[in-house]
Amino acid sequence: MTPRGVSAPGKAFLCGEYAVLSGAPSIVAAVGTRVVAKWTRLPPAPERLPPEANGAIAAAEGHFGAVRHHLSVDTRRLYDGPKKLGLGSSAAVAAASAAAIAALHGRDLEQDETRDRVFAAAWRGHSSVAPQGSGADVAAATYGGFLWFRALDGEPIVKPLDPPSSLVMLLIWTGDPVRTTDLLARVSRLRAQDPKRHDRCMAALAEQATEFAHAFRSDDGAGVIRRAKAYNTCMGALGVAAQAPIVNSKLRRVAAWAESHGGAAKPSGAGGGDLAVAFFSDPDAAERFAAACKNDGLRPLRAEMGAEGVRLLRVEESPIHPRLRRRTRWPHTL
């Protein structure tokens, strides 16, 4: 059967937020809530694709060649109604758009060279709307799995990882979507107004990110839990210094529930709301934690961690009839 589309996963930062922008390592996971990009030769609707998709398409056509199809992108799985879930929808849109161009030229999306070119195109597209980003979210949306990511002088280093065998990870949605740019702006203001305090905060984050990455790569689940707790503390300290609600009241509640059940939790991403990620060594404790969060008005997300990267569309990912559900869709002529 001729493929009619592709999909790309969302992402969850496990550790390295903020510090990755200064060259520290980060650990990021692809999440099995996927953006779908489909193509057709039928005339498009009047809506247009978002800028990150347009940028990724232009860059991908530079790698793979131009095509003449109409592309639509469905992001509904990364939303709760009108609210973003904090799973990197823009990065997934960019990755899916670039992958669609590659697939239309018959490229194998599982080949390393193809994925490297898709990543380069997607990062370029995503940078058009988030120039301050590290690229880790785009890497997760492209390559999938669990990744060690570092950007030195603008050059990304991406390495696949296996998670610790004893580690259980859960995502908790706080219900409060956040504009990452607002938090980054406050941290930038701290750097300008009090560079020494900013640098102390970043040094602490970088140290904990490095130790977290080492524990994750070394199959040390207990070490990951300890470092996640420490990273949460460091993110809170950065928020106090920057007068930014990086670890807000809901995220503190998630962390408290995790600790009371023998685990640890921290913001997944820039903080201020959106997602938390929790780590446990005991699956039963993780389930009790999830139930406690749900009873406290915090929503556990039952999403696959370490999901596959960009791939051809599968039957179960095909959008259902548009009259039966709401979707976010931007057609564009290719």
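Since every read-out is calculated from the coordinates, none of them should be taken as a lab result. Bear in mind the structure is a predicted one, so any value in this text is a computation, not a measurement. Backbone-built Cβ (ideal geometry, glycine too); neighbour counts: all protein chains shown.
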**Message:** Run the reach check for Lys159 against aspartates and glutamates, Cα to Cα strictly under 16 Å, same-chain hits fewer than 8 apart removed. What comes back?
**Reply:** Glu110, Asp112, Glu113, Asp116, Asp137, Asp219, Glu308
**Item:** For the range 256-319 and the range 224-243, distance of Cα centres in Å
**Value:** 19 Å
**Asked** Sorted by mean Cβ packing within 10 Å, highest first, what order do the peptides 30-39, 103-112 take?
**Response** 30-39, 103-112
**Complete:** Dividing the helical contributions, -39500 (n - 2.57) per DSSP H run of n ≥ 4, by the residues of the chain yields a 222 nm value, nearest 500 deg cm²/dmol, of -13500 deg cm²/dmol
**Asked** Got a sec? Which residues in the range 158-192 would a label at Lys84 touch, if it sits 7 Å along Cα→Cβ and we count backbone N under 14 Å?
**Response** 176-185
**Item:** Rough spin-label spacing in nm, given labels placed 7 Å along Cα→Cβ, for Ala185 and His214
**Value:** 3.8 nm
**Message:** Pairs of alpha-carbon atoms within less than 8 angstrom and 6+ residues apart define the contacts here; what relative contact order does the range 168-301 have, in percent?
**Reply:** 37 percent
**Environment charge of Asn248, counting only residues whose C-beta is closer than 15 Å and scoring Lys/Arg +1, Asp/Glu -1** = +1
**Complete:** The long-range amide H neighbours of Leu301, using H built 1.01 Å from N in the peptide plane and a cut-off of under 5 Å, are Leu171, Ile172, Trp173
**Request:** Taking the Cβ of Pro177 as the centre, find all other residues whose Cβ is under 9 Å away and add up their charges (Lys, Arg: +1; Asp, Glu: -1).
**Result:** 0
**Complete:** Taking alpha-carbon centroids only, the range 22-88 lies from the range 172-196 a number of Å equal to 25 Å
**Request:** Starting from the amide H of Ala264, placed 1.01 Å from N in the peptide plane, find each other amide H under 5 Å away whose residue is 5 or more places distant or on another chain.
**Result:** Phe279
**the chain: relative contact order as a whole-number percent, Cα under 8 Å and 6+ apart** = 28 percent
**Message:** Which of Thr114, Thr210 has the fewest other C-beta atoms within 10 Å, and how do the rest follow up to the most?
**Reply:** Thr210, Thr114
**Item:** For the range 168-301: Kirkwood Rh in Å [reciprocal of mean 1/r, alpha carbons]
**Value:** 15.0 Å
**Complete:** Residue separation between Asp162 and Thr40 times 0.36 nm, minus their alpha-carbon distance, gives in nm 40.2 nm
**Stokes-Einstein diffusion coefficient of the chain, Kirkwood radius over Cα pairs, 20 °C, 1.002 mPa s, in µm²/s** = 107 µm²/s
**Among the listed pairs Lys11/Lys84; Lys11/Lys83; Lys266/Lys294; Lys229/Lys250; Lys38/Lys84; Lys83/Lys250, those beyond 19 Å (Cα-Cα)** = Lys38/Lys84
**Item:** Neighbour-count ranking [beta-carbon atoms within 10 angstrom, fewest first] of Asp153, Asp137, Asp116
**Value:** Asp153, Asp116, Asp137
**Complete:** Summing +1 per Lys or Arg and -1 per Asp or Glu among the other residues with Cβ less than 9 Å from Thr114's Cβ gives -2
**Asked** Between Lys294 and Arg314, how many nm apart are label points set 7 Å from Cα along the C-beta direction?
**Response** 2.4 nm
**Linear extension gain, Gln132 paired with Asp284, 0.36 nm per residue minus alpha-carbon span** = 50.8 nm
**Message:** If I take the Cα coordinates of the range 30-122 and project them onto the principal axes, what are the three extents in Å, biggest first?
**Reply:** 36, 32, 18
**Complete:** Exposure-ranked with fewest Cβ neighbours within 10 Å first, Ser165, Ser72, Ser89 stand as Ser165, Ser72, Ser89
**Request:** Return the long-range amide H neighbours of Leu14 (sequence gap of 5 or more, or a different chain), with a cut-off of under 5 Å between placed amide H atoms.
**Result:** Ile27, Val28, Ala29
**Message:** Can I get the semi-axes of the range 96-164's equivalent ellipsoid? Compute them from the C-alpha gyration tensor as square roots of 5 times the eigenvalues, in angstrom, largest first.
**Reply:** 19, 17, 9
